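First up is the structure itself, then whatever we jot down about it.
The values are calculated or read from the model by the stated rules, or taken from the named source; none is laboratory data. In this text, all values refer to a predicted model and were calculated from it rather than measured experimentally. Every residue, glycine as well, gets a Cβ built from its backbone with ideal geometry; the counts of neighbours run over all protein chains shown.
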Amino acid sequence: MNIFDNISESEKHLLYKCVKAVLKRYKKGEIVFYADENIDSICYVIEGNIELTKNDYDGNEILLTRIGKGETFAETFVCAGTKSIVQAKSIDDTKILFLNFRNILNICPQNCIFHKKLLENLIKIIAQKNLFLQDRLEMFSHKTLKERIFYLLSKYKSADNSVFEIPYTREQMAKYLGVNRSALSRELSKMKSEKLLDFHKNYFKLY
């Protein structure tokens with residue numbers, strides 16, 4: 001959901017002033033923040049896309065998720081008052097609105113309804129992100145790469161089992177599954193030869 005759901009454009013601009021929102025622009029490949037940084041603002045993507053990644057014990061980069069237009073990130077670290085455990089990188093030219101958490105918590109003297117809506121939306125977003133985290137944990141509970149691939153593809157599989165598209169390049173898919181690209185390519189080729197699936201680029205069909 002969008003943190004500005006049920007908030008009109010005119011109310012939104014008043015909120016920007018109320019919480020002293022700051023707009024920043026990032027070039028493709030630029031780091032928004034690193035792991036282990038202190039974050040004090042919730043980040044709202046106005047334009048572009050962000051990748052959240054984390055390194056495993058062997059130093060391999062794991063893609064946790066992609067954040068697009070109208071989505072927020074860093075809520076958990078900001079609300080918990082802890083350092084970030086992920087790195088946020090712009091994968092396009094991106095515009096991000098930074099909403100200072102303290103200013104969000106401090107309801108304005110006018111006690112405006114749309115400020116309360118913002119808080120309600122934020123709570124719902126955090127709850128949804130917790131559900132997403134549970135999904136990621138379930139994915140990593142699968143021991144083999146084949147099981148992880150099936151788990152990922154099943155989330156996008158069409159009802160009639162026709163060809164469907166996943167929103168990842170091979171490199172992104174490998175990061176999401178926590179493996180290197182060559183290992184993913186080998187496993188996909190093996191699964192194709194075993195007639196378990198077929199694919200072309202990021203289009204797949206499960207048998």
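Numbers below:
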| item | result |
| --- | --- |
| Any hit, the stretch 72-89, residues being without any contact (Cβ under 8 Å) to a residue 12 or more places away in the chain and assigned to a loop (DSSP other than H, G, I, E, B) | yes |
| Elements of type helices (runs of 4 or more DSSP H) contained in the stretch 139-207, each with 2 or more residues being acidic (Asp, Glu) and touching an Asp or Glu at 6+ places or on another chain (Cβ under 9 Å) | none |
| Sole residue being outside the structural domain of ALA80 (by TED's automatic domain parsing), among the charged types (D, E, K, R) and exposed (fewer than 13 other Cβ atoms within 10 Å of the Cβ), chosen from LYS155, LYS116 | LYS155 |
| Among (1) without any contact (Cβ under 8 Å) to a residue 40 or more places away in the chain; (2) in contact with a strand residue (DSSP E or B) (Cβ under 9 Å, 6 or more places away or on another chain) - the single one GLU120 does not satisfy | (2) |
| Residues of the stretch 29-48 satisfying the condition of being closer than 24 Å to LEU15 by Cβ and either outside any strand (DSSP E or B) or within 16 Å of the chain's Cα centre (by Cα) (or both) | VAL32, PHE33, ILE39, ASP40, ILE42, CYS43, TYR44, VAL45, ILE46, GLU47, GLY48 |
